[in-house]
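Here is the structure we will look at, set down as structure tokens.
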Amino acid sequence: MAGTSVGLFLKRLNFEVEIYEAYEKRKDIGGGFQIAPNGMKVMAELGLADVILKNGVECPVMQFQNDKGKVLARVPQMGREKFGLPSVNIARSTFHEILVDAVKKNGITIHYKKRLTSIIENDESVTAIFEDGTEVSGTFLIGADGVHSKTRVYVTENGPKPVYTGLQNVGGFAPASSIGELRLQNEYPTFLTFGKRGFFGYTLCNKGDGEEVMWWSNTPESRELSREQLRQIGTGEIRKELLNLHQNWHPPIETIIQQSRSIFKSNIYEMVRLPNWSRNRVVLIGDAAHAISPHAGQGASVALEDSMYLAKLMKDSNLPIERIFQLFEAHRKKRAEKMIKTARRNGSGKKELSPVACWFRDKFLSIALPLFAGKGQDWIHGYEIHWDL
């Protein structure tokens with residue numbers, strides 16, 4: 001998403017933009033996620049906030065529970081009141097299609113099935129070479145190729161690699177009927193449940209086609225699975241594992257799992273501090289530069305921030321491209337690294353805990369969340385980039 005959004009901003013600046021995507025063209029991509037107010041501000045600048053709201057579900061409150069269903073805290077989001085835009089829960093595939101549609105309308109070409117193999121630079125240009133033999137040159141290259149970035153290998157050479165966190169992310173979509181009378185409420189909370197081992201979250205997301213509920217489960221797993229191993233695991237096997245893990249957890253968790261048609265599974269990674277985000281005419285943004293685990297709900301929004309901030313620097317700075325990329329890193333790195341630490345801290349409560357540790361966790365959450373959660377997120381959600389200043 002960082003690649004498509006930065007492409008839209010650069011097109012606004014009259015750059016000639018082309019996007020090279022490693023995967024084939026597809027519509028059903030992954031599970032669901034939340035765009036927080038800071039990410040929605042970027043979408044508003046692109047003129048896409050209204051379509052995001054139309055195709056997603058606004059999140060007015062986060063409800064924290066333990067696996068027995070005891071409510072530990074309810075935290076109002078107050079996005080509209082504080083920041084002018086709310087948090088929105090949306091299917092990743094829906095969000096992707098909104099961006100792709102905007103890219104097409106702006107005359108930007110997306111090339112699919114282009115896996116990067118190498119990068120070559122000279123004093124005036126940079127050339128990307130892909131597996132199929134395609135070579136393309138330009139004035140600069142922006143690597144928005146995710147947590148396992150090939151561009152990062154070039155930029156940092158023998159630099160750090162993504163670190164597996166010991167948790168796996170499992171998710172999918174279920175029909176609204178799976179949550180029963182909850183769908184009739186006037187507000188649609190995001191429900192977050194902590195157990196002795198693992199975590200389960202669910203909320204409405206309006207994906208349509210009988211899949212209006214998005215959900216995710218963070219499960220402790222010491223063994224990092226390869227991509228091939230993940231591809232070989234079928235929905236039935238994952239469902240069986242989940243039902244065992246979440247057995248006797250409060251309703252409607254088991255029903256949601258049982259009624260989901262397809263289930264996705266992936267490893268959760270984070271990126272330790274990189275020595276540099278750019279090299280000459282090549283720069284990293286989004287997960288390629290700072291892979292944030294999902295426990296802060298900010299991966300997508302921070303990537304969107306990156307795209308707008310980089311484009312604004314290019315608009316406002318009469319500097320060589322190499323210097324602009326260095327300024328981008330200098331201005332964005334502190335915020336990204338703070339977000340990584342926040343996500344890591346949030347994820348610590350999702351690993352296997354003793355009964356005593358669970359009791360202390362529940363007690364801590366019930367006291368700390370009402371006092372600090374709302375105000376404590378102001379530095380995250382209140383962040384804003386002023387395009388015209």
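The values are calculated or read from the model by the stated rules, or taken from the named source; none is laboratory data. Here the structure is a predicted model, which is why all the values come from computation and not from measurement. Don't worry about glycine lacking a Cβ; one is built from the backbone with ideal geometry, like all the others, and counts go over all protein chains shown. SASA here: full protein model, heavy atoms, side chains in, ligands and nucleic acids out. Shrake-Rupley method; radii C 1.70, N 1.55, O 1.52, S 1.80 Å.
For residue 19, the conditions (1) open to solvent by 10 Å² or more (accessible area, probe 1.4 Å); (2) under 15 Å from the mean Cα position of the chain (by Cα) all hold with the exception of (2). Mind listing whichever residues of the range 336-386 are surrounded by 15 or more Cβ atoms within 10 Å (Cβ to Cβ) and of a type in the set (Gly, Ala, Ser)? Matches in the range 336-386: 336, 343, 347, 349, 366, 373, 374. Considering the conditions (1) surrounded by 20 or more Cβ atoms within 10 Å (Cβ to Cβ); (2) part of a strand (DSSP E or B), residue 242 is excluded by exactly one of them, (2).
Of all residues being in contact with an Asp or Glu (Cβ under 7 Å, 6 or more places away or on another chain), among the hydrophobic types (A, V, I, L, M, F, W, C) and at pLDDT below 95 in the range 1-42, which is farthest from residue 383 (Cα to Cα)? Just the residue, please. Out of the qualifying residues, it is 22.
Counting only residues that are over 27 Å from the mean Cα position of the chain (by Cα) and part of a helix (DSSP H, G or I), the range 351-363 holds 7 of them. Within the range 278-296, restricting attention to residues that are open to solvent by less than 10 Å² (accessible area, probe 1.4 Å) and part of a loop (DSSP other than H, G, I, E, B), the residue that is nearest to residue 335 (Cα to Cα) is 290. Taking residue 84 as the residue in question, decide whether it is within 15 Å of residue 49 (Cα to Cα), over 21 Å from the mean Cα position of the chain (by Cα) and of a type outside the set (Val, Ile, Thr). It is true that residue 84 is within 15 Å of residue 49 (Cα to Cα), over 21 Å from the mean Cα position of the chain (by Cα) and of a type outside the set (Val, Ile, Thr).
Of all the criteria given as (1) open to solvent by 20 Å² or more (accessible area, probe 1.4 Å); (2) under 21 Å from residue 143 (Cβ atoms); (3) assigned to a loop (DSSP other than H, G, I, E, B); (4) at pLDDT below 95, the one not satisfied by residue 261 is (2). Taken over the range 1-14, the criterion of being in contact (Cβ under 8 Å) with a residue 60 or more places away in the chain and part of a loop (DSSP other than H, G, I, E, B) is satisfied by 1, 13. Helices (runs of 4 or more DSSP H) fully within the range 25-144 that include at least 1 residues being open to solvent by 60 Å² or more (accessible area, probe 1.4 Å) and touching a His at 6+ places or on another chain (Cβ under 8 Å): 79-83.
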